[in-house]
Structures are given as C-alpha cells and as structure tokens.
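Engineer: Supplied in structure tokens, the structure appears directly below.
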Amino acid sequence: MALGFEPVPFQGLPIVWSDCHVSSKPNSGFYHWHQCCEILVIYNGNGTVVMNNQTHQIKKGMLFVFQPFEIHKVYAKISEHCPYKRTVIHLNHLYIDQYLSSFPHRRELFDRLCYSSVIERAFDLGNDLDFFTTFVDDYERIAHTDRGSSQEEITIFMLRFLSAMEKFIPSSGTKPLLTWRKEEYSEIIMNWIETHYMESDILNKLANELHLTRSYVSRLFKKETGSNLTEYLTAKRVKVAAHLLETTSFPVETIGNKVGFQNISHFISCFKKTYQVTPLQYRLNTKKN
C-alpha cells in the first residue's frame with residue numbers, strides 16, 4: 001500500500017519548481033500530503049484528482065491547489081494516445097506570505113487558497129490556459145538559475161499568478177460561484193469517513209448507509225478514485241494519529257485505538273510505512289523540533 005507524508009525538500013528556498021513534463025507510462029498514484037502548498041497545472045491528460053473529499057476530472061486546462069497537509073491523490077489514466085502533461089509547483093507558503101506583504105489584496109487571496117476550508121481549489125481555466133502558460137513558461141526559463149530563487153522573480157511570478165486567479169475566485173465577501181453538479185459516490189463516502197473513520201467495520205456500515213452491497217461500494221470507490229477504500233481510510237487514520245502524537249500526551253496504543261486501529265501492531269506498521277519511523281519515534285522527533 002502506497003500512501004503517506006511526502007516532505008518537499010525546500011533546502012531554504014521558497015519554491016520547488018518541477019518543469020513541465022510528460023508521462024506516457026501508467027501510474028496509479030497514491031494518497032499523500034506535503035508540508036506546503038502545491039499547484040498543479042494540467043496541459044493534457046485523463047483521470048481523477050481526489051482532494052477535499054471530492055473527485056475532479058483530469059483534463060486539459062485544469063488547475064488544482066492542494067493546501068498544506070491536505071490528503072490528495074492524482075490518478076492519471078495514461079496511455080500511448082493520452083499522455084499526462086503537467087507542471088507542478090511547491091510553495092513554502094510562509095516565505096511567500098512575506099514576499100507579498102506589500103501587496104495586501106494578493107496576499108489575502110494567497111492565504112485563502114492556502115488555508116480556507118470553503119474556497120474552491122479546482123479550476124477549469126478553459127480559454128485562459130494559454131495566458132497562464134505564458135507566465136509559467138517565463139518563470140520556468142529561469143527557475144533553475146540564481147535568478148529563479150530571488151525574491152524579486154518569485155514575487156513577480158506570484159503576482160502574475162494571483163492576478164490571473166482573481167477571475168476564478170470570488171471576493172471574500174461573496175459566496176463562491178460554483179457550478180452545481182451531482183455528488184459522486186466516492187465524495188459521499190469520503191465525507192462519511194470524516195466523522196466515522198475511528199469506527200470499526202467501516203465497509204458494512206457504509207453499505208448499510210448507502211443501501212448497497214459491500215462489493216459494490218468498493219467497486220464504486222475504486223472506479224471513481226482509482227484506489228481502494230482501505231488505502232484512503234488508512235491515510236486518514238495515520239494523518240490524524242500524527243496530529244495527536246504532536247499535540248497530546250496520549251499513549252501510542254490509545255492513539256491507535258482512537259483513530260480506528262484495532263491492533264497496535266497494525267497501527268505501528270501502517271504508521272512506519274507512511275513516516276518511516278514508529279509513532280513513538282515520531283513523537284520524540286517532533287518534541288526535539
């Protein structure tokens with residue numbers, strides 16, 4: 001099972017830039033999260049993005065913003081005839097906030113993208129994709145040079161990006177202008193898990209809640225997200241466990257039980273696969289920092 005925390009190695013820099021790249025071989029993707037804000041711009045592809053308890057289509061012109069420590073998954077259905085082309089940008093939001101301090105309106109917009117729980121963060125750029133591509137390409141030409149890491153160049157890029165995003169994000173005083181669509185089964189499932197992840201016998205309870213069979217619930221989730229329900233549930237439990245290890249003094253076994261692991265050995269095993277350390281070592285490491 002592939003899932004977990006993927007720390008982005010900023011090495012003191014405000015931005016980690018992945019040049020526009022193309023994948024032509026299948027990649028199943030996995031649930032993970034970073035310590036930073038991530039921007040994903042898609043130029044071509046097909047598949048599903050799971051974020052904020054919702055599923056979104058991968059297609060040309062989509063832009064996604066993943067918030068710090070947000071569980072997400074990018075499942076691209078790659079084939080010879082449909083390669084996956086994108087640019088990935090990781091932002092150290094604490095640095096970017098400082099760079100935008102002289103631009104309060106743009107800074108407020110950036111903070112909403114990074115922290116707001118109600119703002120839409122999946123955008124269909126449509127005909128504006130070419131406009132976005134222009135300033136993405138401009139920065140990409142200098143991204144890996146000394147100029148690329150300068151406050152001036154990063155600030156210019158962020159101002160151009162945030163100015164372009166104003167068209168898609170309503171002001172903080174108005175309600176988001178969203179296009180209503182039918183809620184997918186996977187979204188119903190993920191929202192249900194938000195309040196029931198700590199319980200046992202999840203699949204049976206979900207089947208009863210949805211008036212479907214266990215096997216059909218599993219197939220629906222797999223079809224819509226590209227992964228099985230256990231992967232998502234484990235990712236959710238481990239992420240909550242890490243937060244409890246950082247913020248409480250509960251014993252490791254108690255935390256495992258609180259987030260839904262019935263067996264302490266299974267909890268430790270899943271946690272170690274995610275963070276590469278045991279829960280106890282994770283707690284000790286966070287105390288040192």
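Engineer: I'd like to verify a number: residues in region 249-266 that are of a type in the set (Gly, Ala, Ser), outside any loop (DSSP other than H, G, I, E, B) and more than 27 Å from the chain's Cα centre (by Cα), how many?
Structural biologist: Filtering region 249-266 for residues of a type in the set (Gly, Ala, Ser) gives 249, 256, 260, 265.
Now drop any that are not outside any loop (DSSP other than H, G, I, E, B), which leaves 256, 265.
Next, only the ones that are more than 27 Å from the chain's Cα centre (by Cα) stay: 265.
Going through region 249-266 one residue at a time, the tally reaches 1.
Engineer: Taking the conditions exactly as written (under 30 Å from residue 78 (Cβ atoms), within 25 Å of the chain's Cα centre (by Cα) and of a type in the set (A, V, I, L, M, F, W, C)), does residue 240 satisfy them or not? Show your work before the answer.
Structural biologist: Numbers: under 30 Å from residue 78 (Cβ atoms): no; within 25 Å of the chain's Cα centre (by Cα): yes; of a type in the set (A, V, I, L, M, F, W, C): yes.
Against the criterion (under 30 Å from residue 78 (Cβ atoms), within 25 Å of the chain's Cα centre (by Cα) and of a type in the set (A, V, I, L, M, F, W, C)), residue 240 does not qualify.
Engineer: If you check 107, 160, 86, 112, which single one turns out to be of a type in the set (D, E, K, R) and not in a helix (DSSP H, G or I)?
Structural biologist: Values: 107 fails: not in a helix (DSSP H, G or I); 160 fails: not in a helix (DSSP H, G or I); 112 fails: not in a helix (DSSP H, G or I).
It is 86.
Engineer: So which residues in region 9-49 are in contact with a Leu (Cβ under 9 Å, 6 or more places away or on another chain) and part of a loop (DSSP other than H, G, I, E, B), if there are any at all?
Structural biologist: Those that are in contact with a Leu (Cβ under 9 Å, 6 or more places away or on another chain) and part of a loop (DSSP other than H, G, I, E, B): 14, 30, 36.
Engineer: Count, please, the residues in region 115-124 that happen to be in a loop (DSSP other than H, G, I, E, B) and at pLDDT 95 or above.
Structural biologist: Selection size over region 115-124: 0.
Engineer: Something else: If I filter region 17-30 down to residues being out of contact with any Pro (no Cβ under 7 Å at 6 or more places or on another chain) and at pLDDT 90 or above, which single residue comes out as nearest to residue 96 (Cα to Cα)?
Structural biologist: 17
Engineer: Being part of a helix (DSSP H, G or I) and within 27 Å of residue 57 (Cβ to Cβ), is that true of even one residue in region 269-282? Show your work before the answer.
Structural biologist: Initially, region 269-282 is screened for residues part of a helix (DSSP H, G or I), giving 269-275, 279-282.
Subset that is within 27 Å of residue 57 (Cβ to Cβ): none.
The answer is no; no qualifying residue exists.
Engineer: Then there is this: Tell me, yes or no, whether region 120-136 has at least one residue that is surrounded by 20 or more Cβ atoms within 10 Å (Cβ to Cβ), within 30 Å of residue 240 (Cα to Cα) and in contact with a helix residue (DSSP H, G or I) (Cβ under 9 Å, 6 or more places away or on another chain).
Structural biologist: The answer is yes, given that some residue of region 120-136 is surrounded by 20 or more Cβ atoms within 10 Å (Cβ to Cβ), within 30 Å of residue 240 (Cα to Cα) and in contact with a helix residue (DSSP H, G or I) (Cβ under 9 Å, 6 or more places away or on another chain).
Engineer: Give region 202-229 a look and list any residue that's more than 15 Å from residue 188 (Cβ to Cβ) and within 18 Å of the chain's Cα centre (by Cα), or say none.
Structural biologist: Result: 226, 227, 228.
Engineer: So, one more: Restricting attention to region 192-229, which residues are part of a helix (DSSP H, G or I), surrounded by 14 or more Cβ atoms within 10 Å (Cβ to Cβ) and in contact (Cβ under 8 Å) with a residue 24 or more places away in the chain?
Structural biologist: 193, 202, 203, 210, 217, 220, 221, 224, 225, 229
Engineer: Right, another one. Scan region 47-73 residue by residue and report those that are over 8 Å from the mean Cα position of the chain (by Cα) and under 21 Å from residue 128 (Cβ atoms).
Structural biologist: Once the filter is applied, which keeps residues that are over 8 Å from the mean Cα position of the chain (by Cα) and under 21 Å from residue 128 (Cβ atoms), region 47-73 yields 49, 56, 57, 58, 59, 60, 61, 62, 63, 64.
Engineer: Hey, among the residues in region 58-77 that are in a loop (DSSP other than H, G, I, E, B) and surrounded by 19 or more Cβ atoms within 10 Å (Cβ to Cβ), which one's modelled with the lowest pLDDT? Working first, answer last.
Structural biologist: Start the filter on region 58-77 by keeping residues that are in a loop (DSSP other than H, G, I, E, B), which leaves 59-61, 67-71, 77.
Subset that is surrounded by 19 or more Cβ atoms within 10 Å (Cβ to Cβ): 67, 71.
Numbers: 67: 91, 71: 88.
Among those residues, the one meeting the criterion is 71.
The values are calculated or read from the model by the stated rules, or taken from the named source; none is laboratory data. As the structure is a prediction and not an experimental result, all values here were calculated from the model. Ideal geometry is used to build each Cβ from the backbone, glycine not excepted, and the neighbour counts take in all protein chains shown.
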